[in-house]
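Here is the structure we will look at, set down as structure tokens.
The values are calculated or read from the model by the stated rules, or taken from the named source; none is laboratory data. Small disclaimer: the values here were computed from a predicted structure and weren't measured. Positions of Cβ are backbone-derived with ideal geometry, glycine not excepted, and every protein chain shown enters the neighbour counts. The area values use the complete protein model at the heavy-atom level, side chains included, leaving out ligands, DNA and RNA. Shrake-Rupley method; radii C 1.70, N 1.55, O 1.52, S 1.80 Å.
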Amino acid sequence: LMSVKKWYSLILVFLFIQLNGQFDSLAYYLKSNINDTLKYRRIERLIPGESNFDLRLKCCDTLMAIANRTGRKDLVAWTYFETGTTYYDYSKYNKAMSLFYLALPMAEDMNLQRLQSKVYNYMGIISSDQGNSKKAVYYFRKTYEIAVKLNDKNQQFVSANNLGVDYNNMESPVLALHYLNIAEKVVRPYKAYHLLPS
């Protein structure tokens, strides 16, 4: 009798796991009867957890269709960024940069500072990885300036640290030390509470 109960419990757990996955998928959200903005937000949350490149692109394509259908230019700009990060995650840097170049002017026109900061940061990372520290410094300085305006301590730390590294690569030790000191000042309160920004 106990073994039957165990098998019954295992079957229920298995079914729950299977059904739960169906309730958190692109197909489920496409069929769901919710408004486009909510649908956009839910599909957007699927992207970082999706490991399959083609499925991530399908999610991005779906986001763009929803953004265009709603006529919301802010969602179009964010979708260019999301698609760009997908290409970045799969080391397709030229394609990623072309999408970031589409997102950036839209973000600037609509004063979407958080999006601008994210785009500049990725452009800086790509430029740095490709050995173009001069261009990377330009993008990281933009990221840092926006982070200060937004009082985004995590991004201040990251961009100041990146500036320090790239100024060092450019053999500008004074500027490198300046930005590394800024990064240290930003992170110091977090260190006291073991809350180092990621």
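Could you compute the net charge surrounding GLY164? Neighbours are other residues with a C-beta less than 14 Å from the C-beta of GLY164; K and R count +1, D and E count -1. Spell out each step's value before the answer.
Working: positive: ARG141, LYS185; negative: ASP166, GLU171, GLU184.
Net local charge, GLY164 excluded: -1.
Using a 1.4 angstrom probe on the protein heavy atoms only, could you order GLU145, GLU184, GLU171 from most to least accessible area?
Working: GLU145 95, GLU184 65, GLU171 155 Å².
Largest accessible area first, the residues go GLU171, GLU145, GLU184.
Suppose each label sits 7 Å from its Cα in the direction of the beta carbon; what would the ALA65-LYS153 distance come out to in nanometres?
4.3
Can you tell me the length gained on complete extension of the stretch GLU184 to LYS58, counting 0.36 nm per residue apart and subtracting the Cα distance? Present the calculation step by step, with values, prior to reporting the outcome.
Numbers: separation 126, 0.36 × 126 = 45.36 nm, distance 4.07 nm.
Once the chain is fully extended between GLU184 and LYS58, it gains 41.3 nm.
What does the charge count around MET123 come to, taking other residues whose C-beta lies under 12 Å from its C-beta (Lys +1, Arg +1, Asp -1, Glu -1)?
Details: positive: LYS118, LYS135, ARG141, LYS142; negative: ASP129.
Summing Lys and Arg as +1 and Asp and Glu as -1 gives +3.
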